[in-house]
1. Over all distinct alpha-carbon pairs, what is the Kirkwood Rh of region 133-269 in angstrom?
2. Using a Gaussian network model of the chain with C-alpha springs under 10 Å, which one of Ala383, Ala221, Ala204 is most mobile by mean-square fluctuation?
3. So how far, in whole Å, is the C-alpha centre of region 176-230 from the one of region 358-403?
4. Amide H of Lys113 versus every other amide H placed in the peptide plane: which residues, excluding those fewer than 5 positions away on the same chain, fall under 5 Å?
5. Give me the percent of Cα-Cα pairs in region 22-228 that sit more than 21 Å apart, rounded to a whole number.
6. Which net charge results when you count Lys and Arg as +1 and Asp and Glu as -1 among the other residues whose beta-carbon is under 11 Å from that of Asp146?
7. Sort Asp194, Asp286, Asp160 from largest to smallest accessible area, using a 1.4 Å probe on the heavy atoms of the protein chains.
8. Using the Karplus equation 6.51 cos²θ - 1.76 cosθ + 1.60 (θ = phi - 60°), what ³J(HN,Hα) coupling, rounded to whole Hz, does each residue of region 335-349 give in order, writing x for Gly and Pro?
Amino acid sequence: MDKIVVQGGRRLEGRVAASGAKNAALPLIFATILTDKPCRLTSVPEVADIRTACRLLEMLGAKVERPAAGELIIDCSSVSEFEAPYDLVRTMRASFLTLGPLLARFGRACVSKPGGCAIGSRPIDIHLQGFLTMGARVENVGGYADVAAERLRGAHVILDKPSVGATENIVMAACLADGHTRVENAAREPEVVDLVDALVSMGAKINGAGSSVIEIEGVPALDGFDHRVMPDRIEVGTFLIAGAMTRGDIFVEHGRAEHLGSLIGALEASGSTVRADAKGLGVYTDTRPLAISVKTAPYPGFPTDLQAQLMALMTLANGTSRICETIFENRFMHVSELQRMGASIKLSGNTAEVEGRVTLKGAPVMATDLRASVCLVLAGLAAQDQTEVLRVYHLDRGYENLEGKLASLGARVSREPA
Ligand code: UD1
């Protein structure tokens, strides 16, 4: 298994292009199950989770072609299996997003329950409650959720929490249900809006995406789509924080200020200058960051997927910062590794108190989830000496060519066999 080796202390400078968003591409790939017509996606990132999603579709009987880099053509006309097995759901929890589309088009879906993962218990009760409200029968058989309905009916669904995945799953299912569905307390994330844009281009009747109430009028069948995946706001945010940590001057093409308001506010409050134009987002930093406090929250709040990276920045801040994680209870796997690099962090419940240091020291480190891993790479960029980040497969799940992109900004970073 590979490791990422970082020689710290280089200021990042220059331009880098963000890839398409993994978290938008995954639901879009599963949305193709809703139709027997071919669908085309472009700007799909070349990352492990996307390969897993394509493998799952092929297991269901779909044809998946990759005519060019970043392009997928998916034909679900021959789907004949309705089961997402444990092995795949275990490696990628988003496999659960097959449930809504399979149920809506074929009336049957059997998906392994995801169980726990490194960042928390991650239940699926909100998804299943939505399908029950729409008239489905749900049985638990051998660790699988076996869900069936001759016809789903439109319903008034109130989500317990604004879950991104549950919103996407229920909206996809409602597109082919009988009658009207109203989803309240819906997630407002830009990835939900990107999915709805594609569904509308297929002929779905949906209003309100991006707000907390989404209304769907079911239609009998949907067409194919040709859709460009939105840019990855979490990747953009990760690069902006890397720029700030190295007192750099970088520009991230395709970054959109309207997707990253809470991060931009945090970076500006900590002393960076952020500039936005039609092509992307830039950050310029020439001082040690000031300590700021943040609390993660559903969109448009501060994203949990940027919490670890912001904590890496705060380990170098002038002052003490408090970072409160409200979405996933265990999402502090990076704390003990940052401490090994010299960071001063105290954990108390869901809050980390970070007392900034002037420098970090390179060390061999590893993490057990995607964002925790990338936060260690960022820490390594700003640290003295060499940092080795092990278990690179976590990074490969969601970052396209991370080391190449960082190297193009002047970082000394390489991938080596561990
Ligand atoms: C998505 C993102 C993930 C991000 C997360 C929160 C994808 C592929 N992944 O994950 O990167 O960190 O949003 O922004 O888009 N919950 C329940 N019951 C449920 C479903 C969720 O209690 O049935 C809880 C979760 O435990 C968590 C909260 O709701 O506390 C939010 O989770 P959710 O928005 O569903 O996250 P995902 O869609 O899995």
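The values are calculated or read from the model by the stated rules, or taken from the named source; none is laboratory data. What you see is a predicted model; the values in this text were computed from it and never measured. Quick reminder, even Gly has a Cβ in these numbers, built from the backbone with ideal geometry, and neighbours come from all protein chains shown. When the accessible area is computed, the model is the full protein with side chains, heavy atoms only, and any ligands, DNA or RNA have been set aside. Shrake-Rupley method; radii C 1.70, N 1.55, O 1.52, S 1.80 Å.
1. Values: mean 1/r = 0.0585 Å⁻¹.
Final number for the Kirkwood radius of region 133-269 is 17.1 Å.
2. Among Ala383, Ala221, Ala204, the largest GNM mean-square fluctuation belongs to Ala221.
3. Centre-to-centre (Cα) distance: 37 Å.
4. Tyr144, Ala145
5. Working: 9800 of 21321 pairs.
So the pairs more than 21 Å apart make up 46 percent of the total in region 22-228.
6. Details: positive: Arg108, Lys113, Arg137; negative: Glu83, Glu139.
After counting each charged neighbour, the total is +1.
7. Values: Asp194 15, Asp286 95, Asp160 125 Å².
I get Asp160, Asp286, Asp194, largest accessible area first.
8. 4, 5, 6, 4, 4, 5, 8, x, 6, 10, 9, 10, 9, 9, x
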